[in-house]
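Novice: I have a structure I would like to understand better, so I am pasting it below and will then ask my questions one at a time.
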Amino acid sequence: MKTLQKFLVISLVLLLCLSSLVGTVVAQEEPELTWLANHDCEVGMTVTGPALIEKEDGWHKANIGEGYTLSQGGHVDLYEGNQAGLDAEYRRLTAEFMPGDLNGDGVVNVQDVALIIQYVLGLTDLTEEQKMAANVRENGEVDVRGATLVMRYSLGIIDTFEPEPEPEPEEEPEPEPEPEPEELTNVIAELDASEVEQTIKEDAEADWEGDYQMQQYQIDNQTEAYEDLLALNIDDEVKETVLKNAFDNWGFDFQMVQYEYENQMDAYNEIQALDIDTAIKQEILDDAFDRWGDDFQMVLYEYENQLEAYEGLD
């Protein structure tokens with residue numbers, strides 16, 4: 001609390017020094033106003049102030065020593081006192097005041113800031129109208145934060161006492177849907193079963209014309225190989241590619257398709273298990289893949305032979 005008081009005192013001193021450059025802080029004239037009488041007035045009547053006139057369009061003011069001629073009928077309150085009192089009563093009735101303008105000079109400047117700090121320090125009192133003008137935060141308080149806002153306003157840093165609207169939360173962009181994984185296929189399962197049966201039988205008859213025992217033997221073996229391939233679990237792209245390549249190479253010779261598939265998968269698994277612990281091994285393997293692609297048997301064959309030759313150079 002003592003630290004805050006020191007800060008306020010220093011701020012007040014600085015403000016008073018600053019105000020000496022732009023004008024002295026003028027002490028508020030104590031409002032003095034005594035109600036005398038009231039009566040109704042007709043159109044055309046002139047009222048000499050201090051007086052307040054209530055007409056259909058609201059309250060009007062007849063300043064001290066000035067006449068006010070009614071353009072329409074109204075109710076007039078007559079007073080005795082000074083202009084500050086009349087002004088204060090008028091503001092009270094009309095709730096007309098400029099936020100931040102405590103001394104009522106029509107501008108918001110360091111003099112108004114000084115009045116707020118003096119009030120916070122207990123060095124002066126404020127009228128109700130002044131407190132309303134000082135309540136720029138609209139929280140019912142006259143405080144240091146309000147003085148800070150009035151100062152910033154007087155310096156042109158801000159142009160309104162309205163609180164800045166809270167930024168609307170940025171809408172997070174909806175995540176792009178992950179692409180659905182392509183469905184893996186077993187190329188053998190896409191064949192027409194009746195066509196497979198007919199082709200196996202025709203090939204056996206052509207290969208073993210008149211030898212019914214060998215025809216039956218070939219039909220049984222090809223059918224068994226076809227059924228084994230049909231039951232394969234194609235759960236990754238490597239298996240899918242190897243099976244497709246084997247079928248492209250051997251067609252309806254399902255025994256050879258199965259043979260190539262199994263040997264290629266064995267070679268692939270061996271490659272995955274290789275201990276690639278040096279840069280030269282990685283280079284040899286990369287070169288083999290560049291040359292043979294997904295022919296894993298040839299990739300493995302070249303890798304083993306190239307590595308053997310490299311090690312023989314030592």
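The values are calculated or read from the model by the stated rules, or taken from the named source; none is laboratory data. Nothing here was measured: the structure is a model prediction, and the numbers come from that model. Backbone-built Cβ (ideal geometry, glycine too); neighbour counts: all protein chains shown. The protein model used for the area step is the full one, side chains on, heavy atoms only, and it has no ligands, DNA or RNA in it. Shrake-Rupley method; radii C 1.70, N 1.55, O 1.52, S 1.80 Å.
Novice: In this structure, is Leu70 in contact with a Cys (Cβ under 8 Å, 6 or more places away or on another chain), within 30 Å of Thr46 (Cβ to Cβ) and open to solvent by less than 40 Å² (accessible area, probe 1.4 Å)? Before the answer, list the steps.
Specialist: Details: in contact with a Cys (Cβ under 8 Å, 6 or more places away or on another chain): yes; within 30 Å of Thr46 (Cβ to Cβ): yes; open to solvent by less than 40 Å² (accessible area, probe 1.4 Å): yes.
Yes, satisfied.
Novice: Then there's this: Take the residues in the range 238-268 that are of a type in the set (Phe, Trp, Tyr) and either modelled with pLDDT of 95 or more or part of a helix (DSSP H, G or I) (or both), then tell me which one is nearest to Thr223 (Cα to Cα). Step through it out loud before you land on a result.
Specialist: Of the range 238-268, the ones of a type in the set (Phe, Trp, Tyr) are 247, 250, 252, 254, 259, 261, 268.
With either modelled with pLDDT of 95 or more or part of a helix (DSSP H, G or I) (or both) added as a condition, the list becomes 247, 250, 254, 259, 261, 268.
Details: Phe247: 15, Trp250: 15, Phe254: 8, Tyr259: 14, Tyr261: 16, Tyr268: 26 Å.
Filtering first and then ranking leaves Phe254.
Novice: Okay, next question. Being of a type outside the set (Asp, Glu), without any contact (Cβ under 8 Å) to a residue 40 or more places away in the chain and either open to solvent by less than 80 Å² (accessible area, probe 1.4 Å) or in contact with a Phe, Trp or Tyr (Cβ under 6 Å, 6 or more places away or on another chain) (or both) narrows it down to one of Gln216, Gln222, so name that one. Spell out the reasoning first.
Specialist: Numbers: Gln216 fails: either open to solvent by less than 80 Å² (accessible area, probe 1.4 Å) or in contact with a Phe, Trp or Tyr (Cβ under 6 Å, 6 or more places away or on another chain) (or both).
Result: Gln222 is the single residue among Gln216, Gln222 that is of a type outside the set (Asp, Glu), without any contact (Cβ under 8 Å) to a residue 40 or more places away in the chain and either open to solvent by less than 80 Å² (accessible area, probe 1.4 Å) or in contact with a Phe, Trp or Tyr (Cβ under 6 Å, 6 or more places away or on another chain) (or both).
Novice: Could you please find all residues in the range 269-279 being assigned to a helix (DSSP H, G or I) and open to solvent by 50 Å² or more (accessible area, probe 1.4 Å)? Full working, then the answer.
Specialist: Within the range 269-279, the subset assigned to a helix (DSSP H, G or I) is 269-272, 279.
Matches in the range 269-279: Asn269, Glu270, Gln272, Ala279.
Novice: May I pose another question? Across the range 32-79, what is the total count of residues that are of a type in the set (Asp, Glu) and under 15 Å from Thr94 (Cα atoms)?
Specialist: Residues that pass the stated criteria total 4.
Novice: How many residues does the range 282-314 hold that are touching a helix residue (DSSP H, G or I) at 6+ places or on another chain (Cβ under 9 Å), of a type in the set (A, V, I, L, M, F, W, C) and more than 14 Å from Ala267 (Cα to Cα)?
Specialist: 2
Novice: Just to be sure, is Val76 in contact with a Phe, Trp or Tyr (Cβ under 7 Å, 6 or more places away or on another chain), hydrophobic (A, V, I, L, M, F, W, C), farther than 17 Å from Glu129 by Cβ and open to solvent by less than 40 Å² (accessible area, probe 1.4 Å)? It would help to see each step written out before you state the result.
Specialist: Values: in contact with a Phe, Trp or Tyr (Cβ under 7 Å, 6 or more places away or on another chain): no; hydrophobic (A, V, I, L, M, F, W, C): yes; farther than 17 Å from Glu129 by Cβ: yes; open to solvent by less than 40 Å² (accessible area, probe 1.4 Å): yes.
No, not satisfied.
Novice: Follow-up question, since we're still on this one. Can you name the residue in the range 88-126 that is farther than 17 Å from Asn63 by Cβ, β-branched (Val, Ile, Thr) and at pLDDT below 85 and, of all such residues, is most open to solvent (accessible area, probe 1.4 Å)?
Specialist: Val107
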